[in-house]
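The values are calculated or read from the model by the stated rules, or taken from the named source; none is laboratory data. Because the structure is a prediction, the values reported are computed rather than measured. Don't worry about glycine lacking a Cβ; one is built from the backbone with ideal geometry, like all the others, and counts go over all protein chains shown.
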Amino acid sequence: MAPNVGTAQAQAVLSATAILRPNIETSCLQLPILQAAACLLEKLTMKMISLFFLLLSAFSPSPSTALVRPLDVGRLPALGWNSWNAFNCDINETKFLVAANKLVELGLKDVGYSYVNIDDCWQVKDKRNETTGRMIPDPDKFPDGIKGTADKIHALGLKIGIYSSAGTKTCAGYVASIGNELIDATTFADWEIDYLKYDNCNVPAEWADECDACVPDSWASHYRPIKNGTCTDKTGLCPAGYDFHKSNTAERFRIMGDALKKQNRTILYSLCEWGEANPQQWGNDTAASWRMSGDITSNWPRIVEILNENSFYLNYADFWGHPDPDMLEVGNGDLTPAETRSHFALWAAMKSPLLIGTALDTLSDANVAILKNKYLLAFNQDAVFGKPAMPYKWGTNPDWTFNATWPAEFWAGDSQAGVLVLLFNPGGETVEKFANFTEIPGVKGGEMYEVVDIWTDTKLGCFGGGVVANVGSHDTAGFLLKKGCGWKGGKRPSRFWS
Ligand code: GAL
């Protein structure tokens, strides 16, 4: 188990759900007597550990209070498109206009994708305007300036985002904002920017933190090796219970947040400090979302690694605050259809910001359909239920196992439409998975549910007891359980998904 506070809190909440679930021991009683005793003892021990973490979380340093902004900006995870995963620094206005027009043409705007976000490399690399002190848009890439591009994107009914860093330079080495937060925030507001992604590169020495958090992520060498969610060899870690609100990192990001708040325009604020100073403690106070890991790539093991990490932060996701497992790789690299389904379904279910990161003019119809999945988008954007789906059982691994290659497999979350259940298969073979109604939070073991397959948009009928699915390698079966199915005429668990 990862010992950091965030993990412990997430564990506590999930464990509390487990503690309250009735009949959890009935499976033990079906075993021979000695095994039944061992099984009961093990479950009792797990409950004691859960209670310990529940109590621990009650005494953790000041919990976050969400940042509430006008016009509901940041209340729900952001939906849109960002240039980085598709183009890195190779950007210009045309690429943003192609993306914006494609969002409209492909119907992605109609289902909610609204931000068109410029990532790194948009500005003149190494100087500000000598008179105004403002950043200068690269005139070759943006001949009409960022304001010109913003006008064209707004004319399509979309919003525009921009990027800077809480350091002297961005990660690609372009002019950044530390020390110039107010002037930059004012400039962005004047350009009618709607979203700021704020990165963490090139931090001056005087802003270094006094100690570090552990990010259980292979991305940065100084955290490795990671063992069971801990940074075993890392020195300089902050002591247990350290309040990261007082870290220099939190302060650097607050300064820009405060500068944005002074503008007469509401700009969604998105933190990109890779989880380095425990943003689970202060991210929700400061911004609408906060990256919790290093960068995603279009490589399946990397996606799985980030999924595993983020599954331990989900207690921090709710209206106005969202852990961000990074932008989508749908359409990139050699992800298979199954991997693409799993990536999108789990990102949506975790209430992550969903920023498409691929060239939309070459995206396949199949991938467009995944990005437009109405059940997953409705869950992600639910205006009444802010909490994400969470693992209700790990599956192959014991519950609460931190495993970068084999994350939790059984997920569920409540929504206006019903309970969303995802059965994820991290393995290399097709497996049969059983979603047992007695195990799913918010679902009653003795009742019947109408089951809808979220991928085929098919009503499968009334099910009692549970549903069984054949799930291919790296794929995710997904269904909605809706109340209101009569018992009479209902089916018993049966195979429905393959
Ligand atoms: C990284 C960030 C990426 C991208 C890149 C630009 O720090 O995590 O998402 O913005 O910088 O240089």
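Below are the figures for this structure:
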| quantity | calculated |
| --- | --- |
| First in the range 75-94 and over 17 Å from TYR113 (Cα atoms), second anywhere and of a type in the set (A, V, I, L, M) and near the ligand (Cβ under 9 Å from one of its atoms), Cβ under 7 Å, 6 or more apart | CYS89/ALA172 |
| Odd one out for ALA259, checked against (1) closer than 27 Å to ALA172 by Cβ; (2) part of a loop (DSSP other than H, G, I, E, B); (3) more than 16 Å from the ligand (Cβ to nearest atom) | (2) |
| Count of residues meeting criterion [within 15 Å of the ligand (Cβ to nearest atom) and among the aromatic types (Phe, Trp, Tyr)] in the range 97-118 | 1 |
| Selected residue (criterion: nearest to the ligand (Cβ to nearest atom)) from residues of the range 119-152 that are part of a loop (DSSP other than H, G, I, E, B) and among the basic types (Lys, Arg) | LYS141 |
| Test result for GLY395, small (Gly, Ala, Ser) and in a loop (DSSP other than H, G, I, E, B) | yes |
| Residues of the range 362-379 classified as surrounded by 17 or more Cβ atoms within 10 Å (Cβ to Cβ) and without any contact (Cβ under 8 Å) to a residue 40 or more places away in the chain, total | 2 |
| Qualifying positions in the range 167-176 - within 11 Å of the ligand (Cβ to nearest atom) and either farther than 13 Å from TRP84 by Cβ or not small (Gly, Ala, Ser) (or both) | GLY167, LYS169, THR170, CYS171, GLY173, TYR174, ALA176 |
| Flag if SER293 is more than 26 Å from GLU210 (Cα to Cα), in contact (Cβ under 8 Å) with a residue 24 or more places away in the chain, assigned to a loop (DSSP other than H, G, I, E, B) and in the same structural domain as ASN202 (by the TED database) | no |
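Results for (1) touching a Pro at 6+ places or on another chain (Cβ under 9 Å); (2) under 16 Å from HIS154 (Cα atoms); (3) among the polar types (S, T, N, Q), shown as yes or no for each residue.
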site: VAL73; (1), (2), (3): no, no, no
site: PHE87; (1), (2), (3): no, no, no
site: GLU93; (1), (2), (3): yes, yes, no
site: VAL98; (1), (2), (3): no, yes, no
site: LEU106; (1), (2), (3): no, no, no
site: VAL116; (1), (2), (3): no, yes, no
site: ASP120; (1), (2), (3): no, no, no
site: ASP126; (1), (2), (3): no, no, no
